Structure formats: structure tokens, C-alpha cells
Amino acid sequence: MGDKRSRIIKALKDAQKSPVSGEELGLKLGISRTMVWKYIKSLQADGYEIESSPKRGYVLKSVPQLLYPEEIQMGLKTTLLGKKIQYFEEVTSTNSIAKEIAASEEEGTLVIAEVQKGGRGRMGREWISPHGGIWMSVILKPGIPLRHASRLTLVAGLAVANVIRSMGLDARIKWPNDVRINGKKVCGILTEAKAEVDRVDYVVLGIGINVNMDLKDIPESIRAGSTTLKTELGKHIKRVSFLQDFLFELEQQYINFKTQPFSHILNDWLALSDTIGKEVKVTTPSRIIEGKAVGVTPDGALVIRKADDTKEEIIAGRCIYARPR
Ligand code: BTN
């Protein structure tokens, strides 16, 4: 079904608003005109504006502004990521779905939703996910030791920052996983992994990007520290092409991750980090550590130099910037 729908969309797009007959489409796809009509009906039901006249054929007037797999995959330049996409209008959490299906799914499968009702953030926090954002989870099977799984958070953060920077915005990364523009959060990443003994079976990279929402769509309690791409650029973003660019960039970084020493990615990450050199306060489930952020270890831990000049490595926690002492 998916393949035939895609081929009809492509044929109509290629025709650039000139009519394509049912007969021509049927011949191209090896199906009857009645079947073509059924596919057209299902596309119309999904928001594709297709005009049909019995004499001339079908004309594609407009495509829906949604993250439909057919739209994402048409023109997608990746070889692994997004080759399979599970799309939902509304879910609890794409990460929860990705974790349920990860064992039996191929590497690179994407779970994506227009809205999440139970979006999850780090450290048990909720992640508000209204219409207009990109809420997705990527299933990876890198076959790495569990202790290296957190490196993929840095890989994803770097890919998001790079693609936003390519739009002319000064995106920076706040340890461990916030991508920010002018000090305001535009993206969060939640990495979840399952391991057997020490090898990971899969990693789910959950990525939430505030794209076309207005600031008023973000709850007041976090609004002051948040932003969206639309707010920063002052214009509506084409989410499908943004996502295609992001998946391509993430795939390049993932290939680097698998083929090069991790120091290469770490150096690129450090160059975009706005945490190093800052006075920070990091809260972990058991305590609070304060000091100057002086580095990140190859496993993604933040290195803090404390007031007594000793150094400590923190693998996970909530980081806030403090005033210099
Ligand atoms: C954070 O900054 O706390 C991480 C936020 C991660 C949000 C994304 S949205 C897609 C995926 N599904 C979820 O439930 N969470 C992640």
C-alpha cells in the first residue's frame, strides 16, 4: 500500500500540476483504474488536495503539512535512517513505542508523531509536545558496550546543532543534551538503551525539537527558558525538509561515530558547547555538585573542578549555570 501511494504522489508531483490520467497511473503501477481511484481517495482523506476530472485525470494541488512517511522518504538522502517510518498523529511517547518494537525492528527505523500526550524528558520530567514540533525516536543497534551508549546523546546533540546552524542560527549545546539558541532551549534528547550483559541490544534516541510552535504554545512555567525555530527565524519552517536534512546529518555523525575515534566527535561537540568554562551547579538524584565545568570525558561525563581544586566526573544530572564565584 505505502509503496503504491508514494508512487502515485511522485507521479503527480513530477507532472507539476498538469493532469495525469487514471489510465496512465494504472499502467505505471500495474493496477486497474479502479484501484488508482481507491488510492486517490485515501490520499485525499489524508489531506492531499487532488483534483479529479473524468476527462483529464488527476492534478495534485497541495500536499498536507504533516510528517507523513511518504513525504519524508521522497528525496531522503540517507541509506539507513528513516528507511522505515512509523507515523502517528497522536501517541503517548514515541520513545515508549520505539522501545516496544525495537527488538524486532531494523536499525534506523523512525517513530514519529505530530503530538505526544505523555512525552517524557530526562530525569522523569514531562516533555510538552503539541502540534508544530518534531517528536521522534530513532532505533539504533550499534553493538557497543552499554557504558558507551551515552556517547550517542552527544552524537545526536551535535547533529541537531549542526542542522540548526546551517539555517544561520547560533545553536549551542548545553551538557548533556540541550540544544539552545541564545541561551534558550529548542531541543531535548532522551537516550534509552537495553543491554544484555554489557552489549547494547538497541539504543532509542528520542529527540524533541520545537519547530513551528509559537511561544504561547509552551507552558508558562518553562516559556522563559524555551524557544522555537519559528520564533528565532521569524518564519514558518518546512518541517519535512528540515527533518530530511536532520536525518542525513545524524546519519553522517553516526557513521563517524562507528568508524572514527570518538575524540573527533567529542572535539566537534566541545566546539559547540556553551557549558565548558562556565560555573555550574549539577543536581543528581543523590547530591548537588558545584564548580567550574572544565571538560567532558569520552563517555560523556561532565568534568567539574570544585572549589577545593579537586575534579569530579558526573555522568548524568541536571545542569544549571551559576554566577562566577
Ligand atoms: C529532555 O530534555 O529532558 C529530553 C526531552 C526528550 C523529548 C523527546 S520527544 C520524542 C521522544 N519521546 C519522548 O517521550 N521523549 C523524547
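The values are calculated or read from the model by the stated rules, or taken from the named source; none is laboratory data. Note that this is a predicted model, so its numbers are computed, not measured. Cβ coordinates were reconstructed from backbone atoms using ideal geometry, including for glycine residues, and neighbour counts include every protein chain displayed. We work out accessible area using only protein heavy atoms, side chains counted, and drop any ligands, DNA or RNA first. Shrake-Rupley method; radii C 1.70, N 1.55, O 1.52, S 1.80 Å.
Could you look at the stretch 207-325 and say what percent of its accessible area is carbon and sulfur, using a 1.4 Å probe and all protein chains?
On the way: 3080 of 6140 Å².
About 50 percent, which is the carbon plus sulfur part of the accessible surface.
Residues of the stretch 1-67: accessible area per residue at 1.4 Å, in Å²?
Details: 4030 Å² over 67 residues.
That works out to 60 Å² per residue.
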Degrees, to the nearest 10: 33-45 long Cα axis against longest axis of the chain: 40
Dipole magnitude of the chain about its Cα centre (Cβ charges: Lys, Arg +1; Asp, Glu -1), debye to nearest 20: 500
Cα principal axis extents for the chain, largest first, Å: 83, 44, 31
Set of aspartates and glutamates with alpha-carbon distance to residue 141 below 16 Å, sequence-local pairs under 8 removed: 100, 105, 106, 107, 192, 196, 198, 201, 251
Counting DSSP beta bridges with both ends in the stretch 73-185, the antiparallel % (nearest 5): 65
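Mind ordering 103-112, 227-236 by average Cβ neighbours within 10 Å, highest first?
Working: 103-112: 18.5, 227-236: 16.5.
Taking the mean over residues of other Cβ atoms within 10 Å, the ranking is 103-112, 227-236.
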Positive-end residue, the stretch 188-322 charge dipole about Cα centroid, Cβ charges, pick of 253, 189, 236: 236
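Using a 1.4 Å probe over the heavy atoms of the protein chains, calculate the carbon and sulfur portion of the accessible area of the stretch 91-180 as a whole percent.
Working: 1520 of 3040 Å².
Result for the stretch 91-180: 50 percent of the exposed heavy-atom area is carbon or sulfur.
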Estimated FRET transfer efficiency when R0 is 25 angstrom, pair residue 170-residue 45 (beta carbons, to 0.05): 0.05
For the stretch 4-99, size of Cβ-based charge dipole, Lys and Arg +1, Asp and Glu -1, in debye: 340
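With +1 on each Lys and Arg Cβ and -1 on each Asp and Glu Cβ, and nothing else charged, work out how big the dipole of the stretch 218-308 is about its Cα centre, in Debye to the nearest 20.
Roughly 220 debye, rounded to the nearest 20.
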Packing rank of 248-259, 279-290, where each peptide gets the mean count of other beta carbons within 10 Å, highest leading: 248-259, 279-290
Approximate spin-label separation residue 297-residue 65, in nm, with each point projected 7 Å along Cα-to-Cβ: 4.7
Cβ-derived FRET efficiency at R0 22 Å, residue 215 paired with residue 89, nearest 0.05: 0.40
Dipole-positive endmost among 101, 134, 80 within the stretch 1-147 (Cβ charges, Cα centre): 80
Spatially proximal lysines relative to residue 55 (Cα-Cα < 24 Å; intrachain offsets below 8 disregarded): 4, 10, 13, 17, 28, 38, 41
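Per residue, how much accessible area does the stretch 193-325 have with a 1.4 Å probe, in Å²? Intermediate values should be presented prior to the final figure.
Working: 6860 Å² over 133 residues.
Value returned for the stretch 193-325: 52 Å² of accessible area per residue.
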Principal-axis tilt of helix 151-165 within the chain, Cα atoms, nearest 10 degrees: 60
Point-to-point label distance, residue 222-residue 37, nm (Cα→Cβ direction, 7 Å offset): 4.9
Leading residue at positive end of dipole, the chain (Cβ point charges), from 115, 319, 30: 115
Residues of type lysines that residue 281 reaches as a straight line, Cα spacing below 30 Å, ignoring anything fewer than 8 places off in the same chain: 174, 184, 185, 194, 216, 292, 306, 311
Between the stretch 290-320 and the stretch 167-223, the alpha-carbon center distance in angstrom: 20
